[in-house]
Amino acid sequence: MNIHEYQAKEIFRKQGIPIPPGEVATTADEAEAIARKFGGTVVVKAQVHAGGRGKAGGVKLAKSPEEAREVAEKILKLTIKDLPVQKVLVTPAADIETEAYVGIIVDRASKKPVFMVSPAGGIDIEEVAAKTPDKIMRHPVDARYGLQPYEAMEMGFFLYDDVKKARAAAKIMQQLYAAFMKSGASLAEINPLVTTPSGEVVALDAKMVVDDNELDRLTDVAGLRDESAEAPSEVEARKANLTFIKLDGNVGCVVNGAGLAMATMDLVKYYGGDPANFLDIGGSSNPEKVVSALRIITADPNVKAILFNIFGGITRTDDVANGIVTATKQNPLKVPIVIRLTGTNEEIAVKILTENGFSAMTDMDEAVKKAVALATGKAA
Ligand code: GDP
Ligand code: MN
């Protein structure tokens, strides 16, 4: 689950991280009023679940309340990475001397929270990693003991030579670690962590991703979900108990099982295509899930072909076939569909599909090749 910058900042502030105050506005009027209250130059920041807002025109300085109104009006009309901006954060502008990056992620390989810190902040850490990898320090934390002060200090000195600044950064890292652990986060990030001309170390941006599996346990955190800011397809998928992640390609994938879904996406890429989504309809066989899945996928205008890849184990392939028939009767398809299924009740499934004008395949490679060809317009 993604949360907004202003929500992440609130969590970070509770741990003591120095962050300028801020208030959220949904209209240009409100933004102006908040700017007037703070006085001086403010920053107006789009609150959307996307990084790189600065580059997309979603972060703007405003020298007066009137200017804050103007920029808020513009930002509230923006769509950043397909997400319409509905709220802005208005916050007093800080004077920036340097920008650093501080983040924690869960690292699957070491099964540990890993700090990544870099004195080259402000820009995407991926860019730093690609161009100047030695400007990033990685530090795994043993969760049994937590982040020790000496470890935090070592990272502090990687960012700053000045002992005062290094100490301030080290303290912030310990506070960030506490916020990360308490919130069931899979990522917590401050980019930029800035130094000001008066020597303070301050967090100007905050990002946190919460592990969905923690939400039953952490109801406070779960309450931070903003459905209106999520991709509608992802909201619908969650309600239908489907694991769905929207991607940028044009081959809509409906698969049962996360492993097979990953393998299918790999194969789509291998044959020169691009998956439009990750979608796992799960192990149970419920035609309703297939109906929801098809509705979600066909709502994406990028989808040029649909690929079903079903391995019938617990999932009965005839249930999937029935789901396809029901869904396409309700909502006739406008794009070609390729169905590959094998396993439990395969003969029945094939019969249902052929009786309804569909063809079914059993070979995964052939099916993926065909779907890619259809999506890219190169006939199979
Ligand atoms: P992001 O692009 O979505 O990561 O949004 P950020 O909050 O990180 O803002 C992008 C950039 O805007 C920062 O790297 C800063 O350079 C600039 N910025 C953000 N807040 C301030 C501020 O208070 N003062 C100044 N001068 N620049 C700011
Ligand atoms: Mn940022």
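Suppose the filter is among the acidic types (Asp, Glu) and either under 24 Å from Tyr6 (Cβ atoms) or crowded, with 17+ Cβ neighbours inside 10 Å (or both); does Asp124 pass it? Outline the logic, then answer.
Numbers: among the acidic types (Asp, Glu): yes; either under 24 Å from Tyr6 (Cβ atoms) or crowded, with 17+ Cβ neighbours inside 10 Å (or both): yes.
Criteria met by Asp124.
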request  = Output the number of the condition that Thr79 fails; it satisfies all remaining conditions of (1) away from ligand 2 (no atom under 16 Å from the Cβ); (2) more than 17 Å from the chain's Cα centre (by Cα).
outcome  = (2)
Number of positions in segment 3-59 that are assigned to a strand (DSSP E or B) and either over 13 Å from Leu89 (Cα atoms) or free of Cβ contacts under 8 Å to residues at least 40 places away in the same chain (or both) = 1
message = Which count do you get for residues in segment 213-231 that are out of contact with any Gly (no Cβ under 7 Å at 6 or more places or on another chain) and surrounded by 14 or more Cβ atoms within 10 Å (Cβ to Cβ)?
response = 8
message = Being surrounded by fewer than 20 Cβ atoms within 10 Å (Cβ to Cβ) and not polar (S, T, N, Q) is the filter here; which residues of segment 1-21 pass it?
response = Tyr6, Glu10, Arg13, Lys14, Gly16, Pro18, Pro20, Pro21
query = Of the numbered conditions (1) over 30 Å from Glu10 (Cα atoms); (2) in contact with a Lys or Arg (Cβ under 6 Å, 6 or more places away or on another chain), Val201 satisfies every one except a single condition; which is it?
reply = (1)
task = Kindly provide the set of residues from segment 112-128 that are touching a Pro at 6+ places or on another chain (Cβ under 9 Å) and charged (D, E, K, R), ordered by number.
result = Lys112
note = Considering segment 22-52, residues that are buried (at least 20 other Cβ atoms within 10 Å of the Cβ) and of a type in the set (Val, Ile, Thr), and then whichever is nearest to ligand 1 (Cβ to nearest atom), we arrive at Val43
query = Within the set of pairs 6 or more residues apart or between chains, which connect a residue that is within 21 Å of Gly283 (Cβ to Cβ) and part of a strand (DSSP E or B) inside segment 246-261 to a residue that is among the hydroxyl-bearing types (Ser, Thr, Tyr) and at pLDDT below 95 with Cβ atoms less than 9 Å apart?
reply = Gly252/Thr298
ask   = Say we look at segment 81-92 and pick out the residues that are in contact with a Lys or Arg (Cβ under 9 Å, 6 or more places away or on another chain), in contact (Cβ under 8 Å) with a residue 60 or more places away in the chain and not hydroxyl-bearing (Ser, Thr, Tyr); which of these is surrounded by the most Cβ atoms within 10 Å (Cβ to Cβ)?
value = Val88
So Ala203, is it within 16 Å of ligand 2 (Cβ to nearest atom), touching a residue at least 60 places away in the same chain (Cβ under 8 Å) and closer than 25 Å to Val141 by Cβ = yes
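From Val201, Val209, Val163, Val221, which residue is of a type in the set (A, V, I, L, M, F, W, C), within 16 Å of ligand 1 (Cβ to nearest atom) and farther than 20 Å from Asp124 by Cβ?
Only one candidate passes the filter, namely Val201.
Quick one: which residue in Ala35, Ala93, Ala46 is within 21 Å of the chain's Cα centre (by Cα) and hydrophobic (A, V, I, L, M, F, W, C)? I'd like the intermediate steps shown before the answer.
Details: Ala35 fails: within 21 Å of the chain's Cα centre (by Cα); Ala93 fails: within 21 Å of the chain's Cα centre (by Cα).
Result of the check over Ala35, Ala93, Ala46: Ala46.
Taking the conditions exactly as written (crowded, with 20+ Cβ neighbours inside 10 Å and within 17 Å of Ile190 (Cβ to Cβ)), does Ala100 satisfy them or not?
Details: crowded, with 20+ Cβ neighbours inside 10 Å: yes; within 17 Å of Ile190 (Cβ to Cβ): yes.
Yes; evaluated as a whole, the condition is true for this residue.
The rows are residues; the columns are (1) within 16 Å of ligand 2 (Cβ to nearest atom); (2) at pLDDT 95 or above; (3) within 21 Å of Val201 (Cα to Cα).
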| site | (1), (2), (3) |
| --- | --- |
| Glu97 | no, yes, yes |
| Gly103 | yes, yes, yes |
| Val114 | no, yes, no |
| Gly122 | yes, no, yes |
| Thr132 | no, no, no |
| Lys171 | no, yes, yes |
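The values are calculated or read from the model by the stated rules, or taken from the named source; none is laboratory data. Everything numeric in this text was worked out from a predicted model, so none of it was measured. A quick note on method: Cβ atoms are made from the backbone with ideal geometry, for glycine too, and the neighbour counts reach across all protein chains shown.
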